[in-house]
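Engineer: Mind looking over this structure? Questions follow.
The values are calculated or read from the model by the stated rules, or taken from the named source; none is laboratory data. Not measured: the values here are computed from a predicted model. No Cβ is skipped: glycine too gets one built from the backbone with ideal geometry, and neighbour counts run over all protein chains shown. Note: areas computed on protein heavy atoms with side chains; ligands, DNA, RNA excluded. Shrake-Rupley method; radii C 1.70, N 1.55, O 1.52, S 1.80 Å.
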Amino acid sequence: MRRERHNFVAHLALTIVVFCTCCMDARAGSCTNTITTTLAAGTHNYTGDTCVGANIRISGNVVINVSGGSFFLPDAYEIDGKGSKGAMVMGNGTPGNAGDSGRNLTITATSRIDIEGNIYLTGGNGSAGTSGSGVSGGAGGAGGNGGNLSLRAPVVQVYNSSILESNGGSGGSGQGSSNAGATGAGGAGGDGGEGGTITIDPATETAILEGRHSVNGGAGGSAGSGSNGIMSSTGGGPGGAGGDGGDAGTFSLTADDVQFGAVYFAAIGGRGAGGDGMSVGGGDGGPAFNSGMCSNVGGAAGAAGIGGAGGSANVTETAGNLVVSDDALFEVNGGNGGIGGNGGAGGTPGAGAAGGAGANAGAVDFSATSGNVTVEANLVAIGVGGNGGRAGNPGLCACPSGVTGGDGGDGGTLIVTASGTVIIEEGVITWLCGGDGGDGGNGSPVGAGGAGGSNGTFPMDVDNDCSEFTPNDGDDGRGCS
């Protein structure tokens, strides 16, 4: 039986660690500078304590420099640097537009940076194409990439109330074709955007990290089906290719002193179109109906999208002992591969498409360059490889060879290094497991199931529990005659 990926956050309660913020909230009313309007692209310089006093939009890539003071984003407000969705299109078989990338935001301060509110730098979704009548269907637009966030000050504190988000946008849907016969291809799905980066700069002396943060890749868009052959003597059209999932981004924190509260960080690769047992990844080939279902040539199936690679989380303490708290959860899963499209029926049926490959999970890296690293019990590091997609089946009327299911991605990596001693407490929880292979397609001979991925790598003292996530090979397809 094929397993579905769990929402691990829903199963794991994070203990809330409360730092005193009353002094910070009081400061919001007495700042030297208060930002309440849209910030245009470019560098904005402030002298003295600077606070955000309203929800603000950044209309381009922005640098905020605060000299002689601190920067404060209260819980009540957010900074919106999301990319716009691709513009909607009209017409016959028109491709969709790509989503804009999220904005880049750099904040520097000579004293400290305190982030209680939310910062959104996610890429915009691609728009859908339009269906084609007598022409090919329109392809979906690509999702925009997530932006890059950089925080640099002697002290940076990100509070439990905060969300830092720089995900890739989803690809738009490709649309189907009709009344065009073999020349009418289904539109391809748009690729998902890549996750951005979140960086707390090496100049930071002290970093205190809580909240929920993500640099996930965007999902690939579904594809359209090929035209039927009702108006054609040459058969049906090919299905479009499913969009690939976007790769996840990177989180990087380097400081003399790193302190964790309750924090969840995700760098999960986007699923290829049709992954997770949803809609068909590659579009179906069109059937050949000109002289009956079993005449002429059925359209070939569209290829499945592949999953996006899991991202990485890198935490380095440069002047002491790093303690990774038991309230921390890091998730760097690979994206699932899409399901292959089915071939169209015909005297020569269209071939099914192979399942898309699941992507490898990413890495979580904890290090101390001048001391020890202690990984406390109940820390959770999740890096499950993406599941391979199920193969599509050939069209009716004959029994050509089946095609293979997608291979599962490999499990992730947990790296713990120190100039001193590495201490891993009993009870650390890791799922660094390979993904399942996808089932093969029907045919004669049958399509082979995809291979399950390999489990990941981790320190000797970690009990990597893959009992629930044992990577299984996909089942072979069924025969036909």
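Let's see how each residue does on (1) modelled with pLDDT of 90 or more; (2) surrounded by fewer than 24 Cβ atoms within 10 Å (Cβ to Cβ); (3) in a strand (DSSP E or B):
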position	(1), (2), (3)
ALA361	yes, no, no
SER367	yes, yes, yes
PRO394	no, no, no
GLY405	yes, no, no
GLU426	no, yes, no
CYS433	yes, no, no
GLY438	yes, no, no
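Engineer: Restricting segment 372-392 to residues that are more than 26 Å from the chain's Cα centre (by Cα) and open to solvent by 10 Å² or more (accessible area, probe 1.4 Å), which is nearest to GLY441 (Cα to Cα)?
Structural biologist: For segment 372-392, the residue satisfying everything is ALA377.
Engineer: Next question. Name every residue in segment 112-156 that is open to solvent by less than 10 Å² (accessible area, probe 1.4 Å) and part of a strand (DSSP E or B), in order of residue number.
Structural biologist: ILE113, ASP114, ILE115, ILE119, GLY132, LEU149, LEU151, VAL156
Engineer: Checking GLY69 against (1) under 24 Å from ALA41 (Cβ atoms); (2) in contact with a strand residue (DSSP E or B) (Cβ under 6 Å, 6 or more places away or on another chain): exactly one of these is not met. Which one?
Structural biologist: (2) is the only condition that GLY69 fails.
Engineer: If you don't mind, there's one more thing I want to ask. Taking only segment 213-256 into account, find how many residues are open to solvent by 30 Å² or more (accessible area, probe 1.4 Å) and more than 30 Å from THR318 (Cβ to Cβ).
Structural biologist: 10
Residue-by-condition table, conditions (1) touching a Pro at 6+ places or on another chain (Cβ under 8 Å); (2) assigned to a loop (DSSP other than H, G, I, E, B); (3) modelled with pLDDT of 95 or more; (4) open to solvent by less than 70 Å² (accessible area, probe 1.4 Å):
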| position | (1), (2), (3), (4) |
| --- | --- |
| THR43 | no, no, yes, no |
| TYR46 | no, no, yes, yes |
| CYS51 | yes, no, yes, yes |
| ALA54 | no, yes, yes, yes |
| ILE64 | no, no, yes, yes |
| PHE72 | no, no, yes, yes |
| ALA76 | no, yes, no, no |
| ILE79 | no, no, yes, yes |
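Engineer: Something else now. Looking at THR37, is it surrounded by fewer than 20 Cβ atoms within 10 Å (Cβ to Cβ), out of contact with any helix residue (DSSP H, G or I) (no Cβ under 7 Å at 6 or more places or on another chain), touching a residue at least 40 places away in the same chain (Cβ under 8 Å) and not basic (Lys, Arg)?
Structural biologist: The answer is no for THR37.
Engineer: Let me ask something else. Tell me, which residue of segment 157-175 that is over 25 Å from LEU329 (Cβ atoms) and among the polar types (S, T, N, Q) is surrounded by the most Cβ atoms within 10 Å (Cβ to Cβ)?
Structural biologist: Taking the candidates together, the pick is SER173.
Engineer: Something else about it: Might you check whether a residue that is of a type in the set (Gly, Ala, Ser) and modelled with pLDDT under 80 occurs anywhere in segment 241-255?
Structural biologist: So far as segment 241-255 goes, no, none of its residues is of a type in the set (Gly, Ala, Ser) and modelled with pLDDT under 80.
Engineer: Also, I was wondering about something else. In segment 288-326, how many residues are open to solvent by 20 Å² or more (accessible area, probe 1.4 Å), modelled with pLDDT under 85 and in contact with a Leu (Cβ under 8 Å, 6 or more places away or on another chain)?
Structural biologist: Of the residues in segment 288-326, 3 are open to solvent by 20 Å² or more (accessible area, probe 1.4 Å), modelled with pLDDT under 85 and in contact with a Leu (Cβ under 8 Å, 6 or more places away or on another chain).
Engineer: Out of (1) closer than 19 Å to GLU331 by Cα; (2) of a type outside the set (Asp, Glu); (3) touching a strand residue (DSSP E or B) at 6+ places or on another chain (Cβ under 9 Å), the odd one out for SER178 is which?
Structural biologist: So SER178 meets the others, but not (1).
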